[in-house]
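Just below is one structure, and these are the notes that go with it.
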Amino acid sequence: MTTPPTTAPHQRTLKRIVILGGGFGGIYTTLHLQKIFRHHDAVEIVLINNDNYFLMSPLLFEAGSGVLEPRHAVTPIRPLLHKARFIEADVERIDVDKRLVFARHTPDDKPYEIPYDHLVLALGGKTNRSLIPGSEFALGFKNLRDAIYLRNHIIDLFEQADASDDPEEIRRLLNFVIIGGGLVGVELIGELTEFVDNLLRSYPRISREHIHFALLDASPRILSEMDQELADYAAETLWRRGVEILTNVRVQKIEPFADPASALRVYLPADARGQARILEAETVLLCAGVMPNPLIASMPAESLKGKIVVEPTMRVTSLGNVWALGDCAFIPDKNGKPYPPLAQHALRQAKVVAHNIARVVLNDGAHLQPFVYESKGTLASLGHYDGVGKVLGIKIRGFAAWWVWRTYYVMQMPRWERRLRVILDWTIALLFRNDVVKLDLFGQAHPSHRRRGTGLGFGS
C-alpha cells in the first residue's frame, strides 16, 4: 500500500477530519472547518476528491452550450485551501473499524491509506442507470466531461447532416431525446434549444424543421418540483420552441441500431390500439433520477433508498465519528421526510455539520445543532433569457426568473475571480454568437470510463 505521510489514528496526537467529495457539501464543509480550526494546529483537515476542481453544476448547461468557457464553470480546489490538505483520488472503500479510507489516483496506481478521526461523507450521486433497460447506451450529463462531449457530439451531428442529402438520415441525426422532465432535464433541453438555434446560423442547408426535440417523463407533468402554474409556463415555453413533451410515459427500453450502430431506438409504451411508439435518434440523454454513490451501500450503517440514514445533526447513529450530508444522506426534516438533494440545502448543511464536528472535536460540552431549513424557493433556467421559479413565496417567470437564477448561482462561486470570469462570459454572449468549434479533447471515445473504470468514488 502507498500511504501519504500519515500514521494510524491511535498513534497520532493530531485529530484528523477527512471529507470525501468535492461538490457543494464537501467543499463548503471543508471551508467552514478550516475557518473554525484556523488557529488549531492539533487539528488536520483532509479533502479527497477525484478532480482537482469544484464544479458549479448549475452552470454546466451553459458550459456545454458554449455560453460559458468550460473552465469558468469550475473553481480549482487548491487555492481555496489554506489550512486543509487536498488529495486527488478515487475512494475505493472505507474500513470503519480501523478508521481508514482507501483511495487511489488512477486504477494502475497503488492505493493510499488515509486514517481519520472523523469522516464526512459528501459523495454526491450518480446517474441512475438501473431504471431503464439499455440506459448504458444513453448519454449522461453530470460533469464537465459530459458537457464538452455533448457539445462536440451535437456539432458533429450538424456537420454530418449538412453533408447529407438523405432526409431520413438528417431527421435521425437531428432528433434529440431527453429522458426526465425534472429540473435537470428541463434546464438541459432549454439550453439545447438555444444552442441549436445559434448553430443553425452557420448551417444554411439545415432548417429548423429538420430538428426535433422530445422530452419524456413518467410523471403527469414536467417540473414536479414546482407549482402547476409554473410547470405549465415552462411546458408552453418549450412547446413554442418545437419541443414535443410526452408525460405519463415510462420508457420501456433503449436499444442500439444494427445500422448505423451509433443510432438508438427508444421504446415507449403501447397506445390504446396496442401500437408501441419507437423514437429513433443519435442523441439520447438520460436525466431521469440520481442514485446515491454505491460506496454508501458498503457502509455498516442503516440506509434508505440507497442513502445513509443520519440523525438531524447529520451524525451517523451507529458510527459516532462518521457524518454525512448532501445527495448521499437521508437527513430527516421535522416531519421525518428527507430534505431534497438541492444545492441550497447542501450549502447550509455544510455549515451545520462543520460546527457540530467542531463541538465534538473541541469537547466544549455544547449540544449538537440539528439541521432545520425551509427552502427559499426553486428556479429553473429555460434558455433564451427565460426562466421560471418561486422565490420567497413569489412566483416569477421570464427574464426576471432567468436573471435571478444567474445572479444566485454566480454568487455561490467560491472566488470573486471566477465570478468575474463568468459575468464576462455572459456579457460577451450577449454581443456575439456562440462558437461552432468542437473542443476535441477526447478523440472518439468518451473519457468518463477511463480513469474511473471502477466508478465507485465519484463521477456520473
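Note on the chain: antiparallel DSSP beta bridges, both residues inside, total approximately 55 percent of the bridges counted. Ordering F432, I331, Y408 by Cα displacement along the dipole of the chain toward the positive end leaves I331 in first place; charges were set at the Cβ atoms of Lys, Arg (+1) and Asp, Glu (-1). The angle between the Cα long axis of helix 144-163 and the main principal axis of the chain comes to about 10°, on a 0 to 90 degree scale. Applying both filters, DSSP loop and at most 12 other Cβ atoms within 10 Å, to the chymotrypsin sites (Phe, Trp or Tyr not before Pro) of segment 215-277 eliminates every site. Listed values for segment 366-371 are Karplus-derived 3J(HN,Hα) couplings in whole Hz (6.51 cos²θ - 1.76 cosθ + 1.60, θ = phi - 60°), namely 6, 6, 6, 8, x, 7, and x replaces Gly and Pro. Put +1 on the Cβ of each Lys and Arg and -1 on the Cβ of each Asp and Glu in segment 135-288; which of V184, A270, L223 then has its Cα farthest toward the positive end of the dipole? Sorting the options by dipole projection puts first A270. Taking a straight line from the alpha carbon of K83, these lysines sit under 29 Å away, with near neighbours fewer than eight places off in the same chain left out: K15, K35, K98, K110, K351.
For the chain, what is the mean residue ellipticity at 222 nm derived from helices alone (per DSSP H run of n ≥ 4: -39500 (n - 2.57); sum divided by total residues; nearest 500 deg cm²/dmol)? Before the final figure, lay out each step's value.
On the way: 9 runs with 125 residues, N = 460.
Using -39500 (n - 2.57) per qualifying helix, the result is -8500 deg cm²/dmol.
Looking at segment 135-288, the pairs of alpha carbons with a distance over 24 Å make up 32% of the total.
Once the Kirkwood radius over Cα pairs is known for the chain, the Stokes-Einstein relation at 10 °C and 1.306 mPa s delivers a diffusion coefficient of 68 µm²/s.
In order along segment 315-323, the Karplus-derived 3J(HN,Hα) couplings, from 6.51 cos²θ - 1.76 cosθ + 1.60 at θ = phi - 60°, round to 8, 6, 4, 7, 10, x, 10, 10, 10 Hz, and Gly and Pro are given as x.
Couplings for segment 376-388, taken from phi via the Karplus curve 6.51 cos²θ - 1.76 cosθ + 1.60 with θ = phi - 60°, read 7, x, 9, 10, 9, 8, 10, x, 6, 6, 10, x, 7 Hz in order; Gly and Pro are left as x. Contact order, relative form, for the chain: 20 percent (alpha carbon pairs under 8 Å, 6 or more residues apart, mean separation divided by residue count). Centre-to-centre, using Cα atoms only, segment 290-359 and segment 15-93 are separated by 18 Å.
Sorted by mean Cβ packing within 10 Å, highest first, what order do the peptides 416-423, 150-157 take? Show your work: numbers first, answer last.
On the way: 416-423: 15.9, 150-157: 19.6.
Peptide ranking by packing, descending: 150-157, 416-423.
Centre-to-centre separation between the Cα atoms of segment 218-245 and those of segment 123-177: 22 Å.
Straight-line cross-link reach from K305 at under 18 Å between alpha-carbon atoms covers these lysines, not counting any fewer than eight positions away in the same chain: K126, K337.
Just so you know, all these numbers are worked out from the coordinates, no wet-lab data involved. Everything quoted here is computed from the prediction, not taken from an experiment. A quick note on method: Cβ atoms are made from the backbone with ideal geometry, for glycine too, and the neighbour counts reach across all protein chains shown.
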